[in-house]
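Just below is one structure, and these are the notes that go with it.
The values are calculated or read from the model by the stated rules, or taken from the named source; none is laboratory data. What you see is a predicted model; the values in this text were computed from it and never measured. Note: ideal-geometry Cβ built from the backbone for every residue, glycine included; neighbour counts use all protein chains shown.
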Amino acid sequence: MNILLLGSGGREHALAWKIKQSKKLNELYIAPGNAGTALCGHNVSIDSLDFEKIKDFVIDNNIQMLVVGPETPLVEGIHDFFNRDIALQHIAVIGPEKMGAMMEGSKDFSKKFMIKHGIPTAAYKTFTKNEIRDGVVFINSLEPPYVLKADGLAAGKGVIITENQGEAVQILNYMLADAMFGEASSKVVIEEYLSGIELSVFVATDGNSYKILPVAKDYKRIGEGDSGPNTGGMGSVSHVPFADKVFMHKVEQKIVIPTINGLKQDNIPYKGFIFIGLMNVKGEPYVIEYNARLGDPETETVIPRIKSDIIDLFEGIANGNLAGKEIIFDERTAVCIMLVSKGYPDSYQKGKMIRNLDKIADSLVFHAGTTTDKSGNIITNGGRVIAITSFGDSIEEAKAISLKNAEIIDFEGKYYRKDIGKDLIKQ
Ligand code: AMP
Ligand code: GLY
């Protein structure tokens, strides 16, 4: 099989690394990819939103499967584009159609879905530009902290949480009246604050049956002890000790099954991954958000824990026979530490030479923001640069290996968190 994978981050390198191991693979192409994906297949310089160019490439290279990494092409309707085109209809697309991608593309849509199908989530109300006054009344009725969310995609920046009521009102005004996030904040969801510990649950579905992948926890804040601004993710751990049998039974019964049944009931076709962001509130799972794709950097610990063939899993998703597929998991724990550029998540420099990548033997090294310069050197090309994933029989063991290798791989301005997984280790 010839596969085209869309995206250019650590998630895509982890996927490319796994796809490359399949006996079912003929050629793998990654658009646009990074210096790491180039080690697993052929990078092609096509933007993942340039659907016409993707079409030409797919036809010219006899691609049989399109795997969509990031959310934007899904929300923009790449799957629908393939379905509509007679020359592309036969190609399997891993990732939902536009309607399913709305689960991520519109917070208002996903909240309505959760309420309709009885899926536990924070109480909320949605407001538009003409309803700012009602929004202020709603804010005044809530206890702090206040959670305000731009309805649409806002590059991970659309959620603002503040303790201060005046600031919450100000942000509501910025979002609605001043279009702080453009069209994405033409509606704002204001919701109850959930206090607890977060968990990422990835579910593969063919629209009918489902498989729950190993769960993971990511570390969003830039600073140790979960301090400072949010990032795309500074590391991840899989498995997560508090997600034991009892908790996961609740997740499956109260969230996963109602979600899959809700999609069917609402006639929302869905072939791909649903990433459920959960909050564990005193042992009860609540949905914080749905995403229409895999998470990053959770993918860098979850995908290496799948032992079975990933193309076989993709075929199950695409052909509607996922129920008959066996997925085998690695029981060990994986810990990923992300090396980032100094200054991230604000401004940072690119183009720094990355050294010692060849000195790592006992970890998986996934490239997030890297590229190759004219002389063939691998250089930094993003805020998040390199994800280092290691296995162990415990979080401590896996983390120690990732930390050791985080010291060895080097570039000017390298920064990483040394406390990934620390909150999960029993004292
Ligand atoms: P999202 O973009 O929806 O993933 O939200 C970003 C982050 O904001 C989440 O990962 C949570 O840490 C936090 N968050 C979102 N909604 C809530 C909520 N209702 N209560 C507490 N924290 C939240
Ligand atoms: N790690 C969170 C995300 O990918 O959105």
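Brief remarks on what is shown
- Count of region 191-207 residues which are out of contact with any Phe, Trp or Tyr (no Cβ under 9 Å at 6 or more places or on another chain) and among the polar types (S, T, N, Q): 1
Listed here are the residues, each with its yes/no results for (1) buried (at least 20 other Cβ atoms within 10 Å of the Cβ); (2) under 15 Å from residue 313 (Cα atoms); (3) touching a residue at least 40 places away in the same chain (Cβ under 8 Å); (4) in contact with a helix residue (DSSP H, G or I) (Cβ under 6 Å, 6 or more places away or on another chain).
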| site | (1), (2), (3), (4) |
| --- | --- |
| 2 | no, no, yes, no |
| 33 | yes, no, no, no |
| 42 | no, no, no, no |
| 52 | no, no, no, no |
| 61 | no, no, yes, no |
| 69 | yes, no, yes, yes |
| 90 | no, no, no, no |
| 95 | yes, yes, yes, yes |
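- Helices (runs of 4 or more DSSP H) within region 1-114 that include 3 or more residues under 26 Å from residue 218 (Cβ atoms) and either at pLDDT 95 or above or not acidic (Asp, Glu) (or both): 10-20, 71-75, 98-105
- Any hit, region 323-337, residues being over 23 Å from residue 96 (Cβ atoms), among the charged types (D, E, K, R) and in a helix (DSSP H, G or I): no
- Candidate set from region 258-277 (those that are more than 26 Å from residue 311 (Cβ to Cβ) and in contact (Cβ under 8 Å) with a residue 12 or more places away in the chain); member that is nearest to ligand 1 (Cβ to nearest atom): 277
- Every test in (1) of a type in the set (Lys, Arg); (2) surrounded by fewer than 24 Cβ atoms within 10 Å (Cβ to Cβ); (3) closer than 30 Å to residue 124 by Cα is passed by residue 293 save one, and that test is (2).
- Residue count, region 394-422 (criterion: under 19 Å from residue 352 (Cβ atoms) and assigned to a helix (DSSP H, G or I)): 4
- Within region 137-158, the set of residues being more than 16 Å from ligand 2 (Cβ to nearest atom) and either surrounded by 17 or more Cβ atoms within 10 Å (Cβ to Cβ) or outside any helix (DSSP H, G or I) (or both) comprises 138, 139, 142, 143, 144, 145, 146, 147, 148, 151.
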